[in-house]
Amino acid sequence: CTTLVLAEGCALAGSMLVSFHEQFWAPYGSAAPDADNADVDVAEAFYSQHEEAFVDDYAATNVVEDFAETYMVFVVEDRPTSDSAVAEKLDFFWDRPAEVERRDRIRAALGWEEGATVAPLTTDSTQTPEDGGDAQQTVEQSVPRAAIITIAVLSALIVALLIAFVVWT
């Protein structure tokens, strides 16, 4: 294997996962956890040294988990405006039109509007027509927690499919 050795096999040259690895994990060299690392202690130690480079602590487990966690944030949140290490990872996906289209399809399937925030779905029915309010309830667009879990599962599925494709080819 001349690219990235995973438990599932050799990653396909030119795949997004290989590009992600080359751009964000290869610079760490042997200091980075292995691509198939599952040791929490190793991940925590790596995260504590490079906290600013990950969307969350679990992403520091290995390159596959970093890819999946970063993709989840890419789907759930708006494009970052900073130039942080995390923003650079998110831009990895934002700079790929096919991924932006996929993000839009996922968000549309979940009924999210652009700019929706991650918060429980709320309704405001405090004003009645007698109070001068509208007879219809006002529903604030937001993202329920169950939808976030769905995104996490879909992200993991995407990574699993990418890995299966790599192994198959």
In the range 66-90, the residues that are within 21 Å of LEU157 (Cα to Cα), acidic (Asp, Glu) and at pLDDT 95 or above: ASP66, GLU69
Of all residues in the range 58-80 being open to solvent by 40 Å² or more (accessible area, probe 1.4 Å) and over 28 Å from CYS10 (Cβ atoms), which is nearest to the chain's Cα centre (by Cα)? GLU77
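Results for (1) closer than 27 Å to VAL167 by Cβ; (2) assigned to a helix (DSSP H, G or I); (3) more than 14 Å from the chain's Cα centre (by Cα), shown as yes or no for each residue.
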site: LEU12; (1), (2), (3): yes, no, yes
site: PHE24; (1), (2), (3): yes, yes, yes
site: SER48; (1), (2), (3): no, yes, yes
site: SER82; (1), (2), (3): no, no, yes
Let me spell it out: the conditions are (1) without any contact (Cβ under 8 Å) to a residue 12 or more places away in the chain; (2) of a type outside the set (Gly, Ala, Ser); (3) closer than 24 Å to LEU90 by Cα, and ASP34 meets all of them except one. Which number is the exception? (1)
Just to be sure, is ALA38 under 23 Å from PHE165 (Cα atoms) and open to solvent by 20 Å² or more (accessible area, probe 1.4 Å)? yes
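The values are calculated or read from the model by the stated rules, or taken from the named source; none is laboratory data. Fair warning: this is a prediction, and the values are worked out from it, not measured in the lab. For neighbour counting, all protein chains shown are included, and Cβ atoms are generated from backbone atoms with ideal geometry for every residue, glycine included. Ligands, DNA and RNA are excluded from the accessible area calculation, which covers all protein heavy atoms including side chains. Shrake-Rupley method; radii C 1.70, N 1.55, O 1.52, S 1.80 Å.
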